[in-house]
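Every read-out reported here was derived from the displayed coordinates using simple, explicitly stated rules and does not represent laboratory data. Worth saying up front: this structure is predicted, and the values here are computed from it rather than measured. So basically every Cβ, Gly included, is an ideal-geometry build from the backbone, and we count neighbours across all protein chains shown.
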Amino acid sequence: MSEQEQNIEIAVIKQEQKTMSQKIDDLKETVLNGFKDIKGEFYCLKKESDDKYASKLTETIVYALCGLILLGVATGVVALVIK
């Protein structure tokens with residue numbers, strides 16, 4: 001292989017590298033934009049589901065009441081076992 005052929009191959013490889021680099025940069029941009037869109041959609045979904053059901057205050061009150069009921073039942077069982 002002559003020196004001229006090697007230089008041509010090197011030039012072709014450099015050009016292909018530049019093309020691949022540009023494609024990778026475009027792909028990176030596309031992926032980042034896609035993740036931003038998905039993040040926005042998840043935020044909207046979360047907001048809609050929070051608005052659809054009871055408020056956070058109502059959730060807290062219900063969970064507290066459930067906890068008190070379970071605590072009362074557990075205390076009753078312990079009291080019966082001790083007797």
*Over all distinct alpha-carbon pairs, what is the Kirkwood Rh of the chain in angstrom?*
19.6 Å
*Could you check the simple spin-label distance between Ser55 and Ser21, using points 7 Å along Cα→Cβ, in nm with one decimal?*
5.8 nm
_HN-Hα J in Hz across the stretch 66-73 - Karplus 6.51, -1.76, 1.60, θ = phi - 60°, x for Gly and Pro_ = 4, x, 5, 5, 5, 5, x, 5
*Per residue of the chain, what 222 nm ellipticity follows from adding -39500 (n - 2.57) for every DSSP H run with n ≥ 4, rounded to the nearest 500?*
-34000 deg cm²/dmol
*So what J values fall out for the stretch 42-51 if you push phi through Karplus, 6.51 cos²θ - 1.76 cosθ + 1.60 with θ = phi - 60°, rounded to Hz, Gly and Pro as x?*
5, 4, 5, 4, 5, 5, 5, 5, 5, 6
*Computed on alpha carbon atoms, what radius of gyration and Dmax characterise the stretch 1-47, expressed in Å?*
20.3, 67
_Within straight-line cross-link reach of Lys23, lysines at Cα separation under 28 Å, skipping those fewer than 8 residues along the same chain_ = Lys14, Lys36, Lys39
*Roughly how many nanometres apart are two label points built 7 Å out from the Cα toward the Cβ at Leu65 and Glu9?*
8.0 nm
_Candidate lysines for bridging to Lys18, where Cα separation is under 24 Å - those fewer than 8 sequence places away on the same chain excluded_ = Lys28
